[in-house]
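Structure first, then comments.
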Amino acid sequence: MDVPRDQIASLLDIGIYDSAQMLSCFLLSSSTTNAETNSHLKADSYVLLGDSLYGEKEHKRAIYMYKQALNLCKIIPKQTMTSSRGSLSTSNRSSSPNSVNVSAINENEVKFKITLCHSALNDNRAALVEMEGIPSKARTLRMNLTLAKLYRYSRHNRAAISCYKECLRHCPYILEAITALAELGVAAKDILTLFPQTPSRSGRPPFDNFDSSRWLQRFVEAQCCIASNDYKGGLELFTEILQRFPSNVHILLEVAKVEAIIGKNDEATMNFEKARSNDPYVIDYMDEYAMLLKMCSDSSKLNRLVHDLLSIDPTRPEVCVALSVLWERKDERRAMAYVDKCLRIDDRHIAGHIMKGNLFLSLGRPDNALASFRAAQELRPDLRSYQGLVRSYLSLAKTKEALHSAREAMKAMPQSAKALKLVGDVHASITTGREKAKKFYESALRLEPGFLGAALALAELHVVEGRNGEAVTLLERYLKDWADDSLHIKLAQVFAATNMLQEALSHFQAAMRINPQNETAKKGLERLEKQMKGVDPDAPEEDEDNEVEDAEGEQEEAELL
């Protein structure tokens, strides 16, 4: 043969795709390959060319070449198809290019390569069609994992669960399969039963280290806790793993993300920074960190974070969300453009949907916000999507729907003070529901005494009902532990309402020192100046009544309380 086929295979093995591609063109056009009796050689040459194109990320051309190979297979006598070739790595390619029978291709492997090309082009439907053409007994571990992901993207959850389980039966260390099964609602005990127990040739079970270290069992349990919104339980388990693996970047990020969701902002910031110090180029969950920094009004850290992320990889969806967070206060429409870019890159990116919903709310478009929060919840329900839904419904004056979403959160997270507060927020929006709201806020504070959000909400109820002294007493308890601008603003507002103007001024100034960009503090100072000049500021707007009768729901609430 004029063109050395084995040299093309070697080039592909070491990743020199451009030369492999050009040599494959020579091979395909050679007289030997094009002889009528050599269809099997031509099919193999098409696969070689497809592999080189795949390596060059020319996925559509690669699909065409692979399909040409499969078409040729239909006319090759089956008795010559005696050997198989590997996947995109070419370790199983024949080292004897002049042999007639050793150059046959494995059709299932070629179909899998076509699947990978379709996936790279975000054509999941076409990828799924190719994968389903591979018999289940012929599927490798990687094929099963790819098929599981495609089923999940297509919302065929039962089929996805079956494929993920098959992966774990072969290898218990497919951690992404564990996480996916947890998110799909499979219980920890059911996942653990999938791990292989058959002794190996050495006589030791393949999962021998599991019994001594227990870390993988803890990982399974932690993922199932987080997936079921048991953040406290998940955090305890991740912390236990972290004690054994203190510099594990993945676990540090998992812990930080959960801490951010449940409001442990200082701890979350510390763990995000610890992860970045161990791996300065990590991008996973950095959009979550950006949202946390914005919530904590730490604009200098946020600026540095976004600058670092842009220098690493500006095409990642996490970087787009971080950019959206950065621009939110300066230019909401530009922020929306970045979050749209994130979802074009990956329409299953949950933080992108959450961010988009929050932006729609700030733009006064609660209908659009609802769609974004629902999209996030369909992917994986968590506290933030429930909060977004409740806020959106309340903005639309749909109190009944807001109450339903808040109760759903409470059922999903019975030990969550934030879920209890969410129900309280809905009741507080109704004039006749304030007494119920008070009970929920107090229950949230009993469950989590340091929960500032519930304290602020309860203080607001005290003010609305004329109990300013109780509001001040409640809020002042938190001053020694919380350097929070919203706490100082609330105290300033209460003092201003009771004509204690100097105290109000002190707290507004404290809020501005913590967060100079706080618009509420700025407006509060303007109103205070009017009061100090003897000018009566505009009276606060009264809440509109929005009655909701729901006896069954009330009974449910009483049981949960």
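The values are calculated or read from the model by the stated rules, or taken from the named source; none is laboratory data. Computed from a prediction, not measured in an experiment: that's the story for all the values here. Positions of Cβ are backbone-derived with ideal geometry, glycine not excepted, and every protein chain shown enters the neighbour counts. All accessible areas refer to the heavy atoms of the entire protein, side chains included, with ligands and DNA or RNA removed. Shrake-Rupley method; radii C 1.70, N 1.55, O 1.52, S 1.80 Å.
Here are the numbers:
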| quantity | calculated |
| --- | --- |
| When each of Lys436/Lys522; Lys398/Lys439; Lys257/Lys411; Lys149/Lys257; Lys57/Lys111 is checked by Cα-Cα distance, pairs over 25 Å | Lys436/Lys522 |
| Computed [θ] at 222 nm, helices only, for the chain once each DSSP H run of length n ≥ 4 contributes -39500 (n - 2.57) | -21000 deg cm²/dmol |
| Average accessible surface area per residue within segment 144-193, 1.4 Å rolling probe, Å² | 47 |
| Candidate residues Asp340, Asp347, Asp287: accessible-area rank, largest first, probe 1.4 Å | Asp347, Asp340, Asp287 |
| Cα-projected label distance for Phe245 with His170, points at 7 Å along beta-carbon direction, nm | 2.2 |
| Unpartnered cysteines - no second Cys beta carbon under 4.7 Å - across the chain | Cys25, Cys73, Cys117, Cys163, Cys167, Cys171, Cys224, Cys225, Cys296 |
| Cα point-scatterer Debye curve for segment 316-360, base-10 log of I(q)/I(0) at q = 0.13, 0.24 Å⁻¹ | -0.19, -0.67 |
| Rounded if a/c under 1.5, otherwise prolate or oblate - segment 412-484, Cα gyration tensor axes | oblate |
| Added length on full extension, which subtracts the Cα-Cα distance from 0.36 nm per residue, Arg446 to Leu396 | 14.9 nm |
| Accessible area (Å², per residue) of segment 297-342, counting only protein heavy atoms and a probe of 1.4 Å | 49 |
| Distance from segment 459-527 to segment 311-381 (C-alpha centre basis), Å | 31 |
| Debye-sum result for the chain in log10 I(q)/I(0), which assumes one identical scatterer on each alpha carbon, at q = 0.07, 0.09, 0.11 Å⁻¹ | -0.55, -0.82, -1.10 |
| Gain on full stretching of the segment that runs from Gln7 to Asn157 - 0.36 nm per residue minus C-alpha separation | 49.6 nm |
| Solvent-accessible area, 1.4 Å probe, carbon plus sulfur percent, for the chain | 48 |
